[in-house]
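**Q** Pasting in a structure now, in structure tokens, and then I'll have a few things to ask.
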Amino acid sequence: MQTNGFSHAVVFDGKGGATNISFEQLDENINSNKLVWVHFDYSTPDTIDWLTNKSGIDQIAIEALLTKETRPRTTFLNDSILLALRGINLNPNSTPEDMISIRLFINKNIIISTKKRDLLSVRDILEYFKEGIGPKTSAEFLIELTNRLTIRMEDNINDIEERVSNLEEISVDSDNSELRAQISEIKRETISLKKYLSPQKEAMYKLYNQKVSWVSEYEKVQLREITDQLMRYIEELDSIKDKVSVIQENISQRLSEQMNQKMYVLSIISAIFLPLGFLTGLFGINVGGIPGAESKESFYIFIMILIAIVGLQLYIFKKKRWL
């Protein structure tokens with residue numbers, strides 16, 4: 001990548017291939033009748049300068065392409081589309097739920113996209129161009145990009161589902177802190193993913209329901225299919241969240257039962273020793289008149305009385321089914 005924020009630019013050949021062009025060749029190609037896709041890092045001064053002074057697009061689109069924080073959305077500007085989408089972060093040493101944004105201004109003759117971090121879905125399309133099987137039009141590009149963004153979510157969601165299934169098996173016999181930490185981690189991941197997938201679903205829904213001259217009815221059907229797949233992923237995330245909540249409730253219930261059982265045992269022990277403590281305390285006072293104080297056998301008699309009291313308590317507890 002160049003230091004001016006220019007990532008790449010290609011000119012579509014209309015047959016599935018594309019020709020790479022340099023940053024210096026942008027102006028002459030954008031003013032031609034050929035379809036051009038240019039990709040920038042939005043955070044660099046050169047990118048800001050080119051978009052502002054040389055792109056020739058609407059000011060609203062420029063601001064949207066340069067904004068730092070954005071949620072998935074679709075905006076129509078005459079016969080052009082302004083898009084903000086999110087994709088799974090599959091870069092090394094990253095977490096998938098930390099989703100990467102891509103912003104697009106797209107019409108029949110030009111595609112301008114901006115990003116801060118690389119998306120593998122963008123690389124996929126560039127590889128398709130090299131193989132001669134890339135998109136031929138703006139509409140096909142839009143379909144291919146949204147499809148790649150959506151498909152790449154599948155493995156991550158399947159991985160979360162598998163982890164939840166393993167937790168369901170482990171949670172039957174375990175309730176340790178490590179298990180609870182895994183549950184919290186999965187809940188955090190699903191919440192983070194759904195935070196962006198829900199508005200992305202609305203953006204996709206709006207995308208295929210609006211009339212645009214360069215998007216055919218068949219291509220709208222393809223966009224609807226991609227949206228349906230995205231909706232299924234969201235439903236799976238909801239299902240995962242419900243399963244994790246059930247596991248968490250079962251663990252909490254088991255911990256509560258264990259705590260209640262321990263408290264119950266302690267209560268029984270306290271109830272047994274309460275009268276014994278009272279009697280030993282009473283006979284331990286240092287005042288005159290304590291029965292048996294002068295008798296050698298009184299201590300053993302007192303022990304037998306205490307044993308009898310314990311036996312009577314145990315009998316009463318069993319009869320009342322407290323034990």
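**Q** Kindly check whether there is at least one residue in segment 251-261 that is in contact with an Asp or Glu (Cβ under 9 Å, 6 or more places away or on another chain) and within 30 Å of Glu154 (Cβ to Cβ).
**A** Checked against the condition, which is being in contact with an Asp or Glu (Cβ under 9 Å, 6 or more places away or on another chain) and within 30 Å of Glu154 (Cβ to Cβ), segment 251-261 yields at least one hit.
**Q** When you scan segment 223-251, how many residues do you find that are more than 15 Å from the chain's Cα centre (by Cα) and open to solvent by less than 60 Å² (accessible area, probe 1.4 Å)?
**A** Qualifying residue count, segment 223-251: 7.
**Q** Of the conditions (1) out of contact with any helix residue (DSSP H, G or I) (no Cβ under 6 Å at 6 or more places or on another chain); (2) not in a loop (DSSP other than H, G, I, E, B), Thr74 satisfies every one except a single condition; which number is it?
**A** It is condition (1) that Thr74 fails.
**Q** Can I ask one more? Give me the pairs: first residue in segment 296-317 and without any contact (Cβ under 8 Å) to a residue 40 or more places away in the chain, second residue of a type in the set (Ser, Thr, Tyr), beta-carbon distance under 9 Å, and six or more apart or on different chains, which are they?
**A** Ile301/Ser295; Phe302/Thr280; Leu306/Thr280
**Q** State whether the residues of segment 46-65 include one that is among the small types (Gly, Ala, Ser), open to solvent by less than 40 Å² (accessible area, probe 1.4 Å) and part of a loop (DSSP other than H, G, I, E, B).
**A** There is at least one residue in segment 46-65 that is among the small types (Gly, Ala, Ser), open to solvent by less than 40 Å² (accessible area, probe 1.4 Å) and part of a loop (DSSP other than H, G, I, E, B).
**Q** Failed condition for Pro275, given (1) open to solvent by 100 Å² or more (accessible area, probe 1.4 Å); (2) modelled with pLDDT of 80 or more, with all others met?
**A** Condition not satisfied by Pro275: (1).
**Q** Based on what the data block shows, is Lys136 open to solvent by 60 Å² or more (accessible area, probe 1.4 Å), out of contact with any helix residue (DSSP H, G or I) (no Cβ under 8 Å at 6 or more places or on another chain) and closer than 23 Å to Ile88 by Cα?
**A** Taking the combined requirement at face value, the residue does not satisfy it.
**Q** Follow-up. I'm checking my understanding of the structure. Among residues of segment 167-181 that are in a helix (DSSP H, G or I) and open to solvent by 70 Å² or more (accessible area, probe 1.4 Å), which one is modelled with the lowest pLDDT?
**A** Among residues in segment 167-181 that are in a helix (DSSP H, G or I) and open to solvent by 70 Å² or more (accessible area, probe 1.4 Å), the one modelled with the lowest pLDDT is Ser177.
**Q** Among Asn4, Asn33, which is the only one that is under 38 Å from the mean Cα position of the chain (by Cα), at pLDDT below 95, part of a loop (DSSP other than H, G, I, E, B) and not hydrophobic (A, V, I, L, M, F, W, C)?
**A** It is Asn4.
**Q** Continuing with the same structure: Tally up the residues in segment 195-222 that are among the basic types (Lys, Arg) and open to solvent by 70 Å² or more (accessible area, probe 1.4 Å), please.
**A** 3
**Q** Going by the conditions given, is Leu255 under 29 Å from Ile160 (Cβ atoms) and at pLDDT below 85?
**A** Criteria met by Leu255.
**Q** Could you check segment 77-114 and list, in sequence order, the residues that are within 18 Å of Ser216 (Cα to Cα), part of a loop (DSSP other than H, G, I, E, B) and without any contact (Cβ under 8 Å) to a residue 60 or more places away in the chain?
**A** Once the filter is applied, which keeps residues that are within 18 Å of Ser216 (Cα to Cα), part of a loop (DSSP other than H, G, I, E, B) and without any contact (Cβ under 8 Å) to a residue 60 or more places away in the chain, segment 77-114 yields only Asn78.
**Q** Which members of segment 209-261 meet the condition of being among the aromatic types (Phe, Trp, Tyr) and assigned to a helix (DSSP H, G or I)?
**A** Result: Tyr218, Tyr233.
**Q** Do you know which of the residues in segment 73-129 that are touching a Lys or Arg at 6+ places or on another chain (Cβ under 6 Å) and hydrophobic (A, V, I, L, M, F, W, C) is surrounded by the most Cβ atoms within 10 Å (Cβ to Cβ)?
**A** Step by step, filter segment 73-129, then rank; the result is Ile88.
The values are calculated or read from the model by the stated rules, or taken from the named source; none is laboratory data. The model shown is predicted, which means the values in this text are computed figures rather than measured ones. Note: ideal-geometry Cβ built from the backbone for every residue, glycine included; neighbour counts use all protein chains shown. When the accessible area is computed, the model is the full protein with side chains, heavy atoms only, and any ligands, DNA or RNA have been set aside. Shrake-Rupley method; radii C 1.70, N 1.55, O 1.52, S 1.80 Å.
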